[in-house]
Each structure stands twice: as structure tokens, then as C-alpha cells.
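What follows is a set of notes on a single structure, which appears directly below.
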Amino acid sequence: MYDDSQYKSHIVQLRYVLKIPVIKTGEFAVLVISVNNNNLNLEIGSDLIATFLSVNKDPIFFSTTSECLGEQMPVALDYHNNFLSYSGITNFNGQKNLLQATCLSTINSEDKIYIVTVDYDALPRMKSIFLNCLLIVLFSLFIPLVAILYFSKVFSDRVITLKREMHKAGTGNYNIIETFNGSDELMDLFVELKTMIKNIKNRDREIYQSKIVKQQLINRQQEMEFKMLSSQINPHFLYNTLESIRMKAYLNGDTQVAYAVKLLGKLMRHVLESGSTVCSLQSELSYIQNYLEIMKVRFKDKINYQFSGTDKIDCEQYKMLPLLLQPIVENSVLHGLEEKESGGLIRIQIDPDEKEEKLLISISDNGCGMTNEQLQMLLTTINDSQDLVSHKIGLRNVQKRLKMFYGENYGMNIKSSPGVGTMVIISLPLQGKGGNDASPDC
């Protein structure tokens, strides 16, 4: 800093002063090099950054702000540090600013130039950048978060809806919603749920209809049993009456009538004592033999009979429904052998079928037989599931009793040829069925 006498002002300027000796005269010359502040201002001046330069602890010789020119540095510096380099936040002009202080060493001189720069807008810009970055980060987090929450809510609602409908179906309420949004795995589960409910409804409908049919069959069977029970006469009175008639015929010398009455008594006892319980195969065959003996009393040599295969199974231990064979034998006698004058033969054959696990009882005659049309009409009649009520025990009743007691795999089949005869084959389980197993569902 020096005084300008011409303009009477103080000028603060950076100058390099060098003392040069003059050899010839022994004097010294002084070289002064001044650095124009305008040039410095063009090089480092800035409206946004305030720059201060000073030499050693001297006042500021250059400043981008005129109010600090010629004054001491506005901040405290460590002048003892030859390698000063400091940056940080400091209070300047009553507010916090970003400051950078640097020390430059000169050549051939012990002087040091101190440069201090203050960026007034650095902190506001940093805050602005920070806020902008924060807003960008928050925005980038908020949008995905909102999307995630939205889709999570939609997915959760769909899961809750599917769970609710599955719970309804699990408790037996099949009135679930008709539509379900989406095309993912949840939609596939909903489609499977609807398919399952549809199948369950169909099966429930079938079970309900089956129970109705079963109950109808039970009701009709009970009705038939009631009618049979209602038509029964006191067995003891009937037996005593028949025995009196037999003894009267025997005393009168009519042994044939006495024999017939005795057989009739055995038949009646078998019918009245059998009821709806099971009986042995031997008892049923004895009943058929008694019936055929009575027919022989009536028709004499017109009717003969033959039993075969009784040694292939234990007839005493094998249990079956009673009164299955008599209607078939009666049908053979009254219709099959009706036109026979003599030589009529009814054959009862028993054949165990180990492969099919069935017992086959064949009742055949050598009578007139039936045409194919007559046979088909008869088969249609006995397999009619609607007409179950009858005043007599016929072939239809036998077929229905077989189906109800043993199941659909068992029953009665008929073969016939005109002029050859008719054969009725009854298929029963190979293992006899006891009374505790009596159930239409067997």
C-alpha cells in the first residue's frame, strides 16, 4: 500500500521489489514490478465467489469486494504453517459460508501469499442440491411404495375373498361369488374351487336321489312284508287243522291225500317261519322237494325232478334268502310243462364258480320254451324297477329281492328255446350271507 500524491489516495497493490547493485558506481538500483489489480480481477474475479489476497500479515492487496481492500484478512489464519491449506464452513459477514484458504510460497523470497476464497452461494446450493436429491429419493421411494401398497392391498383382498369363499364351501355353503378378477394362480384356484363345488353338488344330488330311491324300496319292501304278515294265519291253528285233515284221510285209508296234506303242512311251516330272515340252502331245497312231491301227487308221472351238485357245497352252512326258488319252480311246472303229457323233468343244479366268486343255481325244464320275443318281454317285466308292488310272489319279486339284498352284480338270468325248454340261473355270492348282513346296499 502506498500514497499517491497526485490523486491524494491510498493504493493497495502487489509489487515485486528487487535491489540491483550497480558495479561501476557502487550504488544500487531498485526494480519494482507492479501487478495491476484490474488484470487480477479479470483473471480471478467472480460475482459468486469472493477472493482475498494478501502477503504475509499485510493488509489485503486484492479483493473482489472493495469493502475489504486494505484491511486485514476477515478470518484468522495460521501464519506459521508454511503449507496452509484449509477448507470449511466459517462465519463471514454474519452468516455461514464455505471458505478455502491456501498459502503460496514465493521463489527467492521469504514472503508468502495467502489466498482466501469465500463462496457465498455454496451452502445454499448444497442445501438446494441436498433438498432436490432428498425429494428425488423420497419421490423414487414414494411412487414404488404406493404401487407396492396398492398391489399388495389388491392381492390381499383377492386372497381374503378366495379364503372366504373356500371357507363357505368348506362349511357346506356352495353359493359362492360368480366372478373373480385376475388371471394368475389365484384365478386358477378359484376355477378349481368352482369345479370342485360343481362336482360336489352333482354328487350330493346323486346321493340324495339314491337315498330317495333306497327309501322308496325300503318302504315298498316293508309294505309287501306288512301285506304278507297281514295275510298270515295263526301257524298253530293252521298246523293243527292240517294235521286233523291228514289223520282223517289216513283213517279213511286215503294215504295219498294224507301224504299230500303232510307235505302241505311242511310247506306252510317253511313259509310262515321264514319271513324275511335268511335260511340254509338245504332248507330251501327241502322246501322245493316237498313242493314238487305235492305236484307229483297232482300230475303223477307228468312231472319228475332231479337235484345235482349238492355235494359241491355245504348246503347246511350256506345261508340265503328264503322263497327264491319256489316261484321259479312253480313257473316251470305251470307254464313250462303245461303241454307235457309225460316225461316232464325239472332239474335243480348247483355250480360254485370260484373264478367269479358266485354260486349259480340253475332251474331248468324240458318244456315248450319261449320265443326270443317272449323271452325279451319277460326279461323286461322282471327288470322293471317301477312296478314293485304285487299281490303274489313272482319272478319280478325274486329279481328285486336279489338286487336289493345282494347287490346289482347278482340276480336272475333266463335262457329259453322253443321246443327245448327254459333255464333260469340265479347268481348268489359264493360265501353265504347271514342275517346281520341283510342290507339293500350289499
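The values are calculated or read from the model by the stated rules, or taken from the named source; none is laboratory data. Everything quoted here is computed from the prediction, not taken from an experiment. Positions of Cβ are backbone-derived with ideal geometry, glycine not excepted, and every protein chain shown enters the neighbour counts.
Scanning segment 21-34 for residues that are surrounded by 11 or more Cβ atoms within 10 Å (Cβ to Cβ) and at pLDDT 70 or above turns up at least one hit.
Just checking, which of Y120, Y150 is closer than 22 Å to S54 by Cβ and hydroxyl-bearing (S, T, Y)?
On the way: Y150 fails: closer than 22 Å to S54 by Cβ.
Selected residue: Y120, the only one of Y120, Y150 that is closer than 22 Å to S54 by Cβ and hydroxyl-bearing (S, T, Y).
The strands (runs of 3 or more DSSP E) found wholly in segment 270-384 and carrying at least 3 residues that are out of contact with any helix residue (DSSP H, G or I) (no Cβ under 9 Å at 6 or more places or on another chain) and either touching a residue at least 40 places away in the same chain (Cβ under 8 Å) or not assigned by TED's automatic domain parsing to the domain that holds S417 (or both) occupy 344-353, 358-365.
Which ones in segment 129-180 are of a type in the set (F, W, Y) and under 16 Å from the mean Cα position of the chain (by Cα)? Once the filter is applied, which keeps residues that are of a type in the set (F, W, Y) and under 16 Å from the mean Cα position of the chain (by Cα), segment 129-180 yields only Y174. Of all the residues in segment 85-141, those that are out of contact with any helix residue (DSSP H, G or I) (no Cβ under 8 Å at 6 or more places or on another chain) and either surrounded by 14 or more Cβ atoms within 10 Å (Cβ to Cβ) or in a helix (DSSP H, G or I) (or both) number 37. Find the residue count for segment 168-225, including only residues that are more than 30 Å from K403 (Cβ to Cβ) and among the polar types (S, T, N, Q). So the answer is 7. Here L18, L53, L40 are screened, and the one residue that is among the aliphatic types (A, V, I, L, M), farther than 23 Å from A101 by Cβ and either at pLDDT 80 or above or not in a loop (DSSP other than H, G, I, E, B) (or both) is L18.
Scanning segment 214-251 for residues that are out of contact with any helix residue (DSSP H, G or I) (no Cβ under 8 Å at 6 or more places or on another chain), more than 22 Å from K266 (Cα to Cα) and at pLDDT 70 or above yields K214, Q215, Q216, I218, N219, R220, Q222, E223.
Scanning segment 88-99 for residues being in contact with a strand residue (DSSP E or B) (Cβ under 6 Å, 6 or more places away or on another chain) and at pLDDT 80 or above gives a total of 5. Within segment 142-172, the set of residues being among the β-branched types (V, I, T) and surrounded by 16 or more Cβ atoms within 10 Å (Cβ to Cβ) comprises just one member, T161. Residues that are within 27 Å of L337 (Cβ to Cβ), assigned by TED's automatic domain parsing to the domain that holds L323 and modelled with pLDDT under 85 do occur in segment 394-403.
For the structure I just gave you, tell me whether P429 is surrounded by 15 or more Cβ atoms within 10 Å (Cβ to Cβ), at pLDDT below 75 and within 40 Å of the chain's Cα centre (by Cα). Taking the combined requirement at face value, the residue does not satisfy it. Kindly indicate whether E192 is under 16 Å from the mean Cα position of the chain (by Cα) and surrounded by 10 or more Cβ atoms within 10 Å (Cβ to Cβ). Here the answer is yes, as E192 does meet what is asked.
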